[in-house]
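Beneath this line is the structure, given in structure tokens, with notes to follow.
The values are calculated or read from the model by the stated rules, or taken from the named source; none is laboratory data. Note that the coordinates shown come from a computational prediction; the quantities given were computed from them, not determined experimentally. When we count neighbours, we look across all protein chains shown, and the Cβ atoms used for this are built from the backbone with ideal geometry, even at glycine.
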Amino acid sequence: MSDTHHTRVLIIGSGPAGYTAGVYASRAMLEPTLVQGIQPGGQLTITTEVENWPGHKEVQGPDLMIQMEEHAREAGTNIIADHISSLDLSKRPFTAIGDTGTTYTADAVVLATGAQAKWLGMQTEEKFKGFGVSACATCDGFFYRGQEVVVVGGGNSAVEEALFLTNFASKVTLIHRRDELRSEKILEHRLLNNPKIEPLWFNELEEVYGTDMPLGVEGVKVKNVKTGEITDIPCKGVFIAIGHSPASELVIDQLETHMGGYVVTKPDSTETSIPGVFAAGDLTDYKYRQAVTSAGMGCMAALEAERFLAADE
């Protein structure tokens, strides 16, 4: 017989949004339960240096998430190492079931399951993740001041990343398997007229190579999709910009979503299409995708959950 655990606020996810929601819900004396998921700490656990978190000139991503977990736990959040495999939002109390067999019931739910960058799935891409291969120019672009970098992709994300990287890099090569971009025209115009950016059409990433001691990128090999010709491009950074996938599988058929699965929230709020269910962080944010904005939304979600429960009583 499986255990059943009831909580006033159930927080699903353990990135900056989830842990911040835990801190604020705990301070409101709501005794929240936070279920961490498969990857406790979220995307920051696979990053190295973080230099844009206020109060830290530099902190390792995994260390920052350990600190946030400890803060939430000390504040009073009941943190559980489990993964929610199903969630029923059709009636209150809401019901979630974990991989451990535990059933969680809750009067309010904060969804903070985040999103994952889409990757190409290459072995050498995986090898250099966090050591020259990135999916976030605003997170890591600063490290490539005065160096040559490569961006892979052809949509809005790729063009925005390439344009942003020109603030730091000496040269940005945009690799795209077609000869036209899928981005907005104004972004395309800016890219094509930026002297630091060189588009490389009809090419795809074939290999990332570099050093092992220390681990670091030295260049990429790209293949022409028409001729099969291999070209070597020296660079220090490789940015994969082929989009993100929000982790909305639990609610895709229950909540209003848009933009490929991002959960819709009311303007200036974390309220979703179901009263008592709140969404925060990268699960709903397709625009900024920063740790600090996720934390801010986690705060909002907890405060709104507190007000919802107070009104409900």
Scanning the range 48-78 residue by residue, the ones that are among the acidic types (Asp, Glu) and either in contact (Cβ under 8 Å) with a residue 40 or more places away in the chain or part of a loop (DSSP other than H, G, I, E, B) (or both) total 4
A careful count of residues in the range 1-47 that are under 19 Å from residue 282 (Cβ atoms), assigned to a loop (DSSP other than H, G, I, E, B) and in contact (Cβ under 8 Å) with a residue 40 or more places away in the chain gives 8
Scanning the range 192-213 residue by residue, those over 16 Å from residue 179 (Cα atoms) and in contact (Cβ under 8 Å) with a residue 60 or more places away in the chain turn out to be 207, 208, 209, 210
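Out of the residues in the range 61-72 that are closer than 13 Å to residue 20 by Cα and touching a helix residue (DSSP H, G or I) at 6+ places or on another chain (Cβ under 8 Å), which is surrounded by the fewest Cβ atoms within 10 Å (Cβ to Cβ)? First the steps, then the outcome.
So the first thing to find is which residues in the range 61-72 are closer than 13 Å to residue 20 by Cα, and the list is 64-72.
With the extra rule that they be touching a helix residue (DSSP H, G or I) at 6+ places or on another chain (Cβ under 8 Å), the set shrinks to 64-65, 68-69, 71-72.
Details: 64: 19, 65: 25, 68: 25, 69: 20, 71: 15, 72: 26.
Among residues in the range 61-72 that are closer than 13 Å to residue 20 by Cα and touching a helix residue (DSSP H, G or I) at 6+ places or on another chain (Cβ under 8 Å), the one surrounded by the fewest Cβ atoms within 10 Å (Cβ to Cβ) is 71.
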Notebook entry, point to check: Quick check: anything in the range 157-165 over 23 Å from residue 44 (Cβ atoms), among the aliphatic types (A, V, I, L, M), in contact with a Phe, Trp or Tyr (Cβ under 7 Å, 6 or more places away or on another chain) and at pLDDT 90 or above?
Noted result: no
When residue 102 is run through (1) over 19 Å from residue 263 (Cβ atoms); (2) under 16 Å from the mean Cα position of the chain (by Cα), the failure sits at (2)
Within the bounds of the range 39-57, is there any residue that is surrounded by 21 or more Cβ atoms within 10 Å (Cβ to Cβ), under 13 Å from residue 11 (Cβ atoms) and at pLDDT 95 or above? no
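Only one residue in 66, 84, 38, 79 is touching a His at 6+ places or on another chain (Cβ under 7 Å) and either of a type in the set (Lys, Arg) or in the same structural domain as residue 14 (by TED's automatic domain parsing) (or both), so which one is that? Break it down stepwise before answering.
Values: 66 fails: touching a His at 6+ places or on another chain (Cβ under 7 Å); 84 fails: touching a His at 6+ places or on another chain (Cβ under 7 Å); 79 fails: touching a His at 6+ places or on another chain (Cβ under 7 Å).
Being touching a His at 6+ places or on another chain (Cβ under 7 Å) and either of a type in the set (Lys, Arg) or in the same structural domain as residue 14 (by TED's automatic domain parsing) (or both) holds for just one of 66, 84, 38, 79, which is 38.
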Contact list, first residue from the range 114-137 and without any contact (Cβ under 8 Å) to a residue 60 or more places away in the chain, second anywhere and outside any strand (DSSP E or B), beta-carbon distance below 9 Å, six or more apart or interchain, is 126/119
Scanning the range 210-224 for residues that are surrounded by fewer than 14 Cβ atoms within 10 Å (Cβ to Cβ) and more than 19 Å from residue 140 (Cβ to Cβ), the one nearest to the chain's Cα centre (by Cα) turns out to be 212
Check your understanding: Do we have residue 194 as at pLDDT 95 or above, outside the structural domain of residue 275 (by TED's automatic domain parsing), surrounded by 16 or more Cβ atoms within 10 Å (Cβ to Cβ) and more than 30 Å from residue 299 (Cα to Cα) here?
Key -> no
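Only residues that are surrounded by fewer than 24 Cβ atoms within 10 Å (Cβ to Cβ) and not aliphatic (A, V, I, L, M): list them for the range 158-172, please.
160, 164, 166, 167, 168, 170, 171
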